[in-house]
């Protein structure tokens, strides 16, 4: 009996580790949320391409919520490093499927820099 329980536990662990059940991976610096956030901040005059060190762009997934079969709402923190050392930070919210990160438009919320003391 303990062996059956161990095998069932292993099967469940493998099932949940399966990429079929995993959330969509949309957290790269060239991903849809990061690209759309960059575009919006550029259009708003917050970012200028020549000032951004794109090699240091950081995208961190904060949460992924399953809305229905193969549709997830994902929230990311995106940090653009400027060449002068400043950071431009934003939160991006968008929907994704396992096949496509661009299932919706990206809503961008800029994180304000802390006030100087």
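The values are calculated or read from the model by the stated rules, or taken from the named source; none is laboratory data. None of the values given here were measured: they were computed from a predicted structure. Here Cβ is always computed from backbone atoms with ideal geometry, including for glycine, and neighbour counts include all displayed protein chains.
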So which residues in the range 81-117 are in contact with a helix residue (DSSP H, G or I) (Cβ under 7 Å, 6 or more places away or on another chain) and crowded, with 19+ Cβ neighbours inside 10 Å?
88, 90, 92, 94, 101, 106, 108
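Residues are listed down the side, and each one gets a yes or a no for (1) modelled with pLDDT under 95; (2) part of a loop (DSSP other than H, G, I, E, B); (3) farther than 19 Å from residue 43 by Cβ; (4) over 16 Å from the mean Cα position of the chain (by Cα):
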site	(1), (2), (3), (4)
61	no, no, yes, no
66	no, no, yes, no
80	no, no, no, no
90	no, no, no, no
95	no, no, yes, no
109	no, no, no, no
117	yes, yes, yes, yes
Does any residue of the range 10-22 turn out to be surrounded by fewer than 16 Cβ atoms within 10 Å (Cβ to Cβ) and at pLDDT 90 or above?
no
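Could you please give the count of residues in the range 39-59 that are out of contact with any strand residue (DSSP E or B) (no Cβ under 7 Å at 6 or more places or on another chain) and assigned to a helix (DSSP H, G or I)? If you could, list the steps in order and put the result at the bottom.
Taking the range 39-59 first, the residues out of contact with any strand residue (DSSP E or B) (no Cβ under 7 Å at 6 or more places or on another chain) are 39, 42-45, 48-50, 54-55.
So of that shortlist, the ones also assigned to a helix (DSSP H, G or I) come out as 39, 42-43, 49-50, 54-55.
Of the residues in the range 39-59, 7 are out of contact with any strand residue (DSSP E or B) (no Cβ under 7 Å at 6 or more places or on another chain) and assigned to a helix (DSSP H, G or I).
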